[in-house]
Amino acid sequence: MKDTSPQTIYLSDYTAFGWTIAEMHLTFRLSPSATRVLSRIRFEPNPDAPQQPFFLHGEELKPIRAAIDGTEITPEYSAQGLTCAVPDGAFTWEAEVEIAPAENTALEGLYMSNGMYCTQCEAEGFRKITFYPDRPDVMATFTVRIEGNEPVKLSNGNPTASGDGFAEWHDPWPKPAYLFALVAGDLVNYPGSFTTMSGKEVELNIWVRPGDEGKCAWGMESLIASMAWDEKVYGREYDLDIFNIVAVDDFNMGAMENKGLNVFNSSAVLASPETSTDANFERIEAIIAHEYFHNWTGNRITCRDWFQLCLKEGLTVFRDSQFTSDMRSPEVKRIGDVIDLRARQFPEDQGPLSHPVRPESFQEINNFYTATVYEKGAEVIGMLKRLVGDDAYAKALDLYFERHDGQACTIEDWLAVFQDTTGRDLTQFKRWYAQSGTPHLSVSESFENGTYTLDFTQSTPPTPGQPDKLPQVLPIAVGLLNPNGDEIVPTTVLEMTEATQSFRFEGLSARPVPSILRGFSAPVVLDRDTPPEEKRFLLAHDTDAFNRWEASRDLGRACLSAMVTQGSAPDTAWLDALERVIRDEALDPAFRAQMLALPTQAEMAQQLHAQGITPDPDALYAASEALREAMAQRWSGWLADLRATCAVDAPYDPGAAQSGKRALGGALLSLLTRLDGGAAAQAQYDAADNMTLQLGALGCLVQAGADTAALASFAKQWQGDRLVMDKWFALQVAAIAPDSAVARAEALTSHPDFDWKNPNRFRAVFGALAMNHAGFHTKDGSGYGLLADWLIKLDEKNPQTTARMCSVFQTWKRYDAGRRAQMQTQLERIAARPGLSRDVTEMVTRLLS
Ligand SMILES: [Zn+2]
């Protein structure tokens, strides 16, 4: 039976499960259409839980047999699970069920990908494997036996026995069912090893399909670096004899931190210089780290219930961004994180899908794996660390691991370790977990008798279900510069707790220039009417790299806004100030590449909307093109020479030094292409010996409209490589002129390699269409219609990926009446599909509300 009935679950309804489990025994007899799953579980009454009927989750299972203490019973089955009478004391439960992995296209539970068995159990996939209390607060040790002819059979923990047609695994660490994993298939391993801080040798493997062994070295290097970093920075040691990673082609998400057996979307682990870009390498390094760090923040200490998802995700995203900062450049990483936060989390927080970092209710938990839970959740941890300081943060984390190891915890537990370590009352800070929406921070200033005063006001606009907001605790990092550009007050964290609050700096000889919200010290919208000359001053002189970038980004947004709303010419004073930074060879090339990137059209739409102006996607595209053209013309004298300094004369290395140069070179090539019609891009394409240069050049050629031959040759060269072909699909839809984007996306859906059931391929085309802002928002509504057609089709096979893709409509209310009506029509059309999944029902209902 399939459960599609929407039912709202509330945090306030939490009750502990009535039993505890000492050990879970599982046997799998693998078969694509009829896998048998046998379970044996010892249940003991939970003295801390209220009386309740015995209920086990189970969905889409074919029951074969059930027994209690060896006696066969007939439970009462429903679409959600089973109930039955049980003895008062401890008892042994046994069940046998049948499932069909080959027919599982939702990619939750046990499914097949290219002939390989694999699992995805977070959040609620285990109930599609067998009957079980599938909730994170029920933790048990697992012993697993896998029977089948597949040469490789893996599960969590350590291997205990294997032989002809079977393998057995035991995981000594109690875990919730969402961390269970099983993989079986014809796989080969790329081996490695790591000696932990206490001298224990750990066997490492990356398991891939035969032929992919050559793409594992970077993943292994990243894993070893992550293990060493977590020991050094957090004192966390790995706790099993073996750590396995498996690459899977069909996967809804990036990767999954199952205990000792991480399962990865192949795009998040496989890399080689020829087939992967620098950005791919950096992403893989970060995701491997993220999943590995979960071993402590998520696995050893897990979540009590799914409302606490940010407990593991916010913290682990924060940890992986610390790791990337240490491996690469902290400034460049911070700017990238803020770009991402504003592009994904701010629209969520400002639209119909807005929800607190810790939501209070949901229908389908899969819909809450959001930028708010992950990225805003990480920002909240960053603020906490800023407020208490690095030493107190380290002490609090030590206490967290010591106090809660082996437990399923809440945000209250998390905050308590900070309160207990620092003596600080975090009652008000906790609002960050409960209050949705992006706070706005406005500031005015005065200078009198050597005293400089900053007056701040904070307010958060209403969000769904939360009309009124209370003031939040905001750490506002401020530095002051004197008129010569020297720093006179270094970065100071002001702690704002009131709706309005003033801060004074005394004993100054002249009116200073403030640098406010350095490092983006709180996830807010800063409303400050700063004169452009002051922004250019900060762009030139600020010692805080983030605020240097921010000053330029502000000027860029103002420039585009004036071009769109007043028909102004590009701001040449800004361009000249920017030129000095771009050409300053003492600065990190990666930073300079970030400075060269213009605000995106989606970001501009958000900005205009915030100013009360209805964004016109066509006008935004035209302004953006005109500005790029003006940059290319104005800088035509030196673009080629500066690009020449970005050449790398050494074997390919994905590290920060080389990738920064390639990023700057790529940004310059894009401008040069406007001057030479694509000659330099074609030359780079022809000579490229790595994917970063090849794909960068191809993108320029597509933008220049000179792409047909290059796209064909690229497809011919890479037609056997799924991950590279994903790039081919995505690039042409994202980079093409908007008036051709819908037609191109539609044409690609007829391509023989458009395997729409594969989430990576589906996202390659439709994620790229959504990124082509003016193309997706084509006035005739054809972009919305095409996407809706495919979402309706995909929902029958894969509700989770469909629901996530629905979020591209989250800004629909921002646009003009015509576009709004068309998007509403498409959302209503999706909502009306008979048999619509629970995932998508919840998403479209919220979007339309
Ligand atoms: Zn995670």
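Treat every Asp and Glu Cβ in the chain as -1 and every Lys and Arg Cβ as +1, leave all other atoms uncharged, and give the resulting dipole magnitude about the Cα centre to the nearest 20 debye.
Using only the charged Cβ atoms, the result is roughly 1300 debye.
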**Asked** Each residue of the stretch 416-429 in order: what ³J(HN,Hα) in whole Hz does its phi give by Karplus 6.51 cos²θ - 1.76 cosθ + 1.60, θ = phi - 60°, with x for Gly and Pro?
**Response** 4, 5, 6, 5, 5, 7, 10, x, 7, 8, 9, 3, 6, 4
**Complete:** Of the residues Cys84, Met496, Leu671, the Cα lying farthest along the dipole of the chain towards its positive end, which is defined by charges on the beta carbon of Lys, Arg, Asp and Glu, belongs to Leu671
**Request:** Could I have the simple spin-label model distance between Val188 and Ala22, label points 7 Å from Cα toward Cβ, reported in nm to one decimal?
**Result:** 4.5
**Asked** Once label points are set 7 Å from the Cα along Cα→Cβ at both Ser198 and Ser361, what is their separation, rounded to one decimal in nm?
**Response** 4.7
**Prompt:** So how much slack lies between Asp391 and Asp405, counting 0.36 nm per residue of separation and subtracting their Cα-Cα distance, in nm?
**Reply:** 2.9 nm
**Request:** Multiply the residue separation of Ser442 and Asp755 by 0.36 nm, subtract the distance between their alpha-carbon atoms, and state the gained length in nm to one decimal.
**Result:** 107.8 nm
**Prompt:** Going by alpha carbons, how many degrees (0 to 90, nearest 10) lie between the helix axis of 708-718 and the longest principal axis of the chain?
**Reply:** 30
**Item:** Theoretical ellipticity at 222 nm over the chain - DSSP helices of four or more residues, -39500 (n - 2.57) apiece, nearest 500
**Value:** -12500 deg cm²/dmol
**Request:** Search the structure for amide H atoms under 5 Å from the amide H of Ala181, placed 1.01 Å from N in the peptide plane, and list their residues when 5 or more places away or on another chain.
**Result:** Asn156
**Complete:** Per the 1/(1 + (r/R0)^6) rule, R0 = 22 Å and r from the Cβ atoms of Glu487 and Arg634, FRET efficiency to 0.05 is 0.10
**Item:** Accessible area per residue in Å² at 1.4 Å probe, computed on the chain
**Value:** 37
**Request:** May I ask for the Rg/Rh ratio of the chain, computed from Cα atoms with Rh as the Kirkwood radius, given to two decimals?
**Result:** 0.96
**Item:** Cut-off of 10 Å, at most 15 other beta carbons, DSSP loop: longest stretch of the chain lacking such GluC sites (Glu not before Pro)
**Value:** 1-236
**Item:** Helix axis angle, 601-610 relative to the chain longest principal axis, alpha carbon, degrees
**Value:** 80
**Message:** Explain nothing, just compute: Karplus ³J(HN,Hα) = 6.51 cos²θ - 1.76 cosθ + 1.60, θ = phi - 60°, for every residue of the stretch 383-389 in order, whole Hz, x for Gly and Pro.
**Reply:** 5, 4, 5, 5, 6, 8, x
**Complete:** Between Phe166 and Asp584, the FRET efficiency computed from the C-beta separation at R0 = 51 Å comes out, to the nearest 0.05, as 0.20
**Dimensionless Rg/Rh of the stretch 412-490 - Kirkwood Rh, Rg from C-alpha atoms** = 1.10
**Message:** On a full-extension model of 0.36 nm per residue, what is the gain between Ala228 and Gln419, subtracting their alpha-carbon distance, rounded to one decimal in nm?
**Reply:** 65.8 nm
**Complete:** Applied in sequence order to the stretch 70-80, the curve 6.51 cos²θ - 1.76 cosθ + 1.60 (Karplus, θ = phi - 60°) yields integer Hz couplings, x standing for Gly and Pro, of x, 9, 4, 10, 10, x, 9, 9, 9, 5, 9
**Asked** In nanometres, what is the gap between the two model label sites at Leu848 and Asp789, each 7 Å from Cα along Cα-to-Cβ?
**Response** 2.2
**Request:** For Lys779, go through the aspartates and glutamates and keep the ones whose alpha-carbon is under 15 Å away, minus same-chain ones fewer than eight residues off.
**Result:** Asp616, Asp618, Asp739, Asp816
**Request:** Pop the C-beta distance of Ser713 and Thr457 into the FRET formula with R0 = 60 Å and round what comes out to the nearest 0.05.
**Result:** 0.55
**Fill in**
In the neighbourhood of Met595 defined by beta carbon distances under 9 Å, the net charge of the other residues (Lys, Arg +1; Asp, Glu -1) is +3
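The values are calculated or read from the model by the stated rules, or taken from the named source; none is laboratory data. Keep in mind the model is a prediction, meaning the values are calculated, not measured. Cβ coordinates were reconstructed from backbone atoms using ideal geometry, including for glycine residues, and neighbour counts include every protein chain displayed. To get the accessible areas, we keep the full protein, side chains included, count just its heavy atoms, and leave off ligands, DNA and RNA. Shrake-Rupley method; radii C 1.70, N 1.55, O 1.52, S 1.80 Å.
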